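Structure first, commentary second.
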Amino acid sequence: MALKIVFLILLFSFRFRLSLSGNGQTTSMESVPDLQKSMYMVVDGYPCVRLVNLSGEIGCSNPGRDKVVAPIIKYKNNKELGQPSAILLSMDDVQGFFLRISNDSSFDSNVAGVLVESRVEIQHKLRGFSPARKFPQAEFAPYHNTNYEWNPIGSGIMWKSYNFPVFLLSESSTSTLQEIAMKNEKTEQAYTTNVAEFDVVMQTTKVGTHDSESCLKEETCLPLGGYSVWSAVPPINNSSSNQSKPIILTVASMDAASFFRDKSLGADSPLSGVISLLAAVDALSHVDGLDNLNKQLVFLVFTGEAWGYLGSRRFLLELDQQSDAVRGLNSSLIQLVMEIGSTGKGFSQGNKTFFAHTQVSSDTNEALDALKLAQESLKSEGVTVSNASSSNPGIPPSSLMAFLRKNSSTSGIVLEDFDTVFANKFYHSHLDDSANINSSAIVAAASLVARTLYVLASDKKDSTSSALSSINVNASLVEELISCLLDCDPGLSCELVSSYIISVDTCPSHYVGVVLGEPSSTPSPNQVDDISRFVWNFLADRTSTPKGSTTVCSKDCSNNGGVCIRAETDGKGICVNSTTRYIPAYSTRLKLDSGTWKVLPPNSSDPMGMLDPVWTESNWNTIGLRVYTVQEAAYDRLVLLGGISVTVLAYLAIVLIRAYITKALKQD
């Protein structure tokens, strides 16, 4: 009997090894992880997650506390779903699919999860794709016509709530899942099927906290936010009581939004503006005599703007409170706000064309004149600036809106690559990547901004002056910033970024993230994301005086008005004289009290605070997606029945044979 059992074990082992063989090679199983690896395929992808505000939820989540398992099928628009399924969806069908979800409840009830395909350079094949609204953040507009469509291609699907998980697949995973879906389709009547297992269990769903106030109270979510960065040219002497220079504030936004949390690149909107700003600062850093400018130049890069203008609104509040984060700035001295919006698509038939969207005032008219002078000085390079159409209801969605809602008499200009509607057909989409922008347009915008700022700050009105013509943007720097901030190769491991910080991730993503720890004007590096830390170091370096400092950081660095750059790379850092600071960016209606976030009551004196949705992101334990093969339950029951039958028959056979042998032995 023992020999029989050993034989059966060896036979099973042989059959098991054979089933794992491929191309003549045998895969050996030496441990449980090896077995799991052979059974389950982990799929690379980018999840849509659950975001919560004061009035409800948006985004995606498993519907309950458990993982979701469903067979993978390819989406066909005219096909009804007979059972809960994981839908493999091409980019061409995304908008129509989610529209169908909204209008067809029976179809919606059988969607267990969604897998969105990725394809190389899909932008050229699509008319456009924007999951944002047609007027993004219209509630914050400083004018009444909020039905205007700045983003006519916008579908608004990212602002709805879905009770099923959604993943954007990587390119390699896409081809694998396409094969699996095809296999499922061909073997529809087979006893096995390939399923997707979604682990996107959100704590807010699990606990039932479906608004910001309750989830912050139960600690199942964290506030959206991060750190904005500002820097002054020349550095501001805080020990001097004579801070009377008018301030020209140049701003851009560094956070993007997308349906998929970790695939928020925002190449044109808004990163092209940030790159233009950084390149303009670099160009101005090579100009002599900046200490003698008649006006103070201040550069400010916001984060959190895609989520209720968190950065700009918090900056204005910090200004009112005169906190350490804005020490040296005075709101009454801000003469002009110049915002660099989307600039990456301002290139057409060899010309670089931009549009100035303005809030009319005498200071704005002066800025427009300066822009025209800068344009004249760049005439040979085919750079033109036009006033935006008077038929527009006002300025487009931008940080300047926060300034105007705070003070309607604020003078401001928004420089954009569009006139009446967004030129970017992939606004707030994962497809707004480096293939969607033109580096020549960004160089042109940076040149325009740098020369305009010099004209405004120096009061020099001659477009042919040698000082103006000497301000040139480094095109190689722009190319490098694009590859560092918008591509995975080299991404944040590029030489430029690596010279300032040790990045946590290689592939950049410009989603704002959540606030970690207590907000501070001097946060520790682990509280600040890679992009903000890089921007802080870059601006501190380029705006420092004198240039080329090699003084190793010490405790006296900050006491003497300096900041310590490159400290992450060698543990020591270099002390430079620069006014560069972090500003916390989070909702003005939130306060951290004894380690717990609390929502403050609305303040009638803060009209934007009254509109503040107070965005938070749900916590989660793990997020994962894997694929494996399962057998039909009926087949499992058949196998079980067959096994029982074989066992019974074997037992009867043994009893009969034993009785026969016993009888035969007795006769002998």
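Solvent-accessible area of region 387-496 (1.4 angstrom probe, protein heavy atoms only): carbon and sulfur portion equals 44 percent. Pairs exceeding 25 Å between alpha-carbon atoms, taken from Lys352/Lys547; Lys295/Lys547; Lys134/Lys206; Lys245/Lys547; Lys76/Lys183; Lys406/Lys460: Lys352/Lys547; Lys134/Lys206; Lys406/Lys460. Panel note: the C-alpha atoms of region 229-368, placed on their principal axes, show extents of 47, 35, 31 Å (largest first). Its residue count N fixes a reference of 2.2 N^0.38 Å for region 27-152, and the Cα radius of gyration divided by that reference is 1.40. Helix 171-186 and the long axis of the chain differ in direction by around 40°, with both axes built from C-alpha atoms.
Taking all protein chains as shown and a probe of 1.4 angstrom, His286 keeps an accessible surface of around 140 Å².
Each part gets one Cα centre, and for region 44-112 versus region 280-339 those centres are 43 Å apart. Selection among Leu277, Asn237, Gln321 by position relative to the dipole of region 205-363 gives Leu277 as farthest towards the positive end (Cβ unit charges, Cα centre).
About its Cα centre, the dipole of the chain is roughly 1460 debye, where the only charges are +1 on Lys and Arg Cβ and -1 on Asp and Glu Cβ. Residue ranges 308-318, 218-228 sort as 308-318, 218-228 when ordered by packing (mean number of other C-beta atoms within 10 Å per residue, highest first).
Run the helix sum for the chain: -39,500 (n - 2.57) per DSSP H stretch of 4+ residues, divided by residue count, reported at 222 nm to the nearest 500 deg cm²/dmol.
It lands at -10000 deg cm²/dmol.
A 1.4 Å probe run over the protein chains yields, for the chain, 46 Å² of accessible area per residue, whole-number rounding.
Against the main long axis of the alpha-carbon atoms of the chain, helix 475-486 sits at an angle near 40°.
Taking the average, over residues, of other Cβ atoms within 10 Å as the packing measure, peptides 651-657, 398-404 rank 398-404, 651-657 from highest down. Here region 439-580 is treated with +1 on each Lys and Arg Cβ and -1 on each Asp and Glu Cβ, and its dipole about the Cα centre works out to around 600 debye. The dipole here belongs to region 323-417: it is taken about the Cα centre, uses +1 on the Cβ of Lys and Arg and -1 on the Cβ of Asp and Glu, and is about 160 debye. Computed in the context of the full set of protein chains, the accessible area of region 595-668 at 1.4 Å probe radius has 65% of its extent on carbon or sulfur. Between helix 633-667 and the chain there is an angle of about 30 degrees, using the helix long axis and the longest principal axis of the Cα atoms.
Rolling a 1.4 Å probe over the protein heavy atoms of region 501-589, with every protein chain left in place, gives an accessible area that is 51 percent carbon and sulfur.
For region 369-455, the residue among Ser434, Ser386, Pro396 whose Cα projects farthest onto the positive side of the dipole built from Cβ charges is Pro396.
Name the residue from Val111, Ser155, His144 whose Cα lies farthest towards the positive end of the charge dipole of region 98-171, charges +1 on Cβ of Lys and Arg and -1 on Cβ of Asp and Glu. Among Val111, Ser155, His144, the one farthest towards the positive end of the dipole of region 98-171 is His144.
Of the peptides 92-101, 453-462, 417-426, the order by per-residue mean of other Cβ atoms within 10 Å, starting with the highest, comes out as 417-426, 453-462, 92-101.
The values are calculated or read from the model by the stated rules, or taken from the named source; none is laboratory data. What you see is a predicted model, and the numbers here were worked out from it, not measured in a lab. Reconstructed Cβ throughout: ideal geometry from the backbone, glycine too, with neighbour counts over all protein chains shown. Ligands, DNA and RNA are stripped out before the accessible areas are found, and what is left, the full protein with its side chains, is counted by its heavy atoms. Shrake-Rupley method; radii C 1.70, N 1.55, O 1.52, S 1.80 Å.
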